[in-house]
Amino acid sequence: MPNPTTFFLSSSAQDSLTDIRNTAYTEIRELGHNAEMYEKTFGPWPSFIEGARHCIEKVKECDVFCLFIHNKAGTMLDSGRTITHLEFMEAINQRKVLLLFADRTIKQQYFTAVKWVIKDFLGKYRADYNRNPSYKEISEFLEAESRKNDSPIPAKQAVEPYVWVFLYDIIDVHQKYVDDLSMGVGIRWKQYLSDLLRQGVELIPRKKEALESMDLAQEFGDFSDFSIHMMKFVTIKDLNLKRILVLLRETLSGAVIVNDFHLTKAVVGKVKRCSAICVFRRIERTLRNVCSDGDTGGDKDFDLKDSSSFVAITYNNFENEEPALFYIESKRMFYLTYKVGEYVISYHFPVESEWNQQMFEDYNETIIDGIMDAHANSMVFDYINTVLGGLQR
């Protein structure tokens, strides 16, 4: 039996979009596809599922995410995002096919005026507070601006301020294309779906290669788990630590750090590839640099009781193989450290996007998780910790 494509139709609840949503729902189904739309195919039922969570789950299940934007923002949640915005963010996270539409006049106002007001506000805010404003703060600023005489920002009654924030996130942050939506004019669904079919047909011949890659990934994961477990029983007498650090630094990936909004996620910032690694060993009351590689400040040793040293703090205050993270804003550098028996290993990760000390404190655990989850980093860290453990047996 054929398996129809499922479309999720997303928008704020407003009368001006009712006909467009209903027409899209009907036409997509008449073309032989499935369509999911709030209060049509799902809603505040079953009663044990939270409404916003139900919407997010439906986004996860769909194949194509369709978004319609007019002048209302929709229901705002405690996270500082609307439900519609969270649906879009989840579609991005799940890498869904996107069909995005915004009212033609509103879209034109965004590109000619509002976008530049937002960018100017962002620049001034960063200069004053050394951080990016929240979307709630941007929305509040735009609302205040809209009340001024001769303001390029339409009044709240005409366009709710968060609509501009939403468009900024879609167009400027995520770099997604938004098509024109004209009230009273239908969307040419046959043409859109024909284009999607063409793109899919191009990928069908590569299906076998993709499935083989998935099988190989599972086999590699099983072998990796076995190798790390076996290494715990191996005693290492000698090894070329310098060469190992070179290979290690070249292997460790950078990361995209995301904030979990419970229902979905958003990007906080980015971290570059590992730029340097230092290994320290305790010798009496000194943590001696026994080997280092990359862009590091040199072979510096640290006193065991040096409270200003990340290395000493790690050795004295963290459990064996527990990751610790530090940040020096002037160097724009994260330092991920591990204590492994009498050793401490420190990995240096330069920041790529805007970071500050407050963001580091707010997202400490999130940053650690992001670095660990990037590519094969977690397995590499585990393996090297096991190797350092073998040097001590």
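Pairs of Lys residues in region 240-393, spaced 8 or more positions apart or belonging to different chains, with C-alpha separations under 26 angstrom: 14 in total. In summary, the lysines within cross-link reach of LYS148, defined as a Cα separation below 27 angstrom excluding same-chain residues under 8 places away, comprise LYS72, LYS107, LYS115, LYS119, LYS124, LYS136, LYS156.
Restricted to Cα atoms, the chain shows a radius of gyration and a Dmax of 26.1, 80 angstrom. Normalised by residue number, the volume inside the convex hull of the Cα atoms of region 6-187 is 126 Å³ per residue. Measuring gaps between exposed loop sites in the chain (GluC sites (Glu not before Pro); DSSP loop; at most 13 other Cβ atoms within 10 Å), the longest gap, sites not included, is 51-283.
Sites counted here are chymotrypsin sites (Phe, Trp or Tyr not before Pro) in a DSSP loop (not H, G, I, E or B) having no more than 16 other Cβ atoms within 10 Å; the longest part of the chain that contains none of them is 49-176.
For region 232-391, the square roots of the Cα gyration tensor eigenvalues, ordered a ≥ b ≥ c, give a/c of at least 1.5 with a/b greater than b/c, which places it in the prolate category. With the simple model of a label 7 Å out from the Cα in the direction of the Cβ, ASN259 to GLU212 spans 4.4 nm.
Net charge in the neighbourhood of GLU250 (other residues with Cβ under 15 Å of its Cβ; Lys, Arg +1, Asp, Glu -1) is +3.
We did not get these values from a lab; they are worked out from the coordinates using the rules stated. Here the structure is a predicted model, which is why all the values come from computation and not from measurement. Note that we place each Cβ from the backbone using ideal geometry, even for glycine, and neighbour counts take in every protein chain shown.
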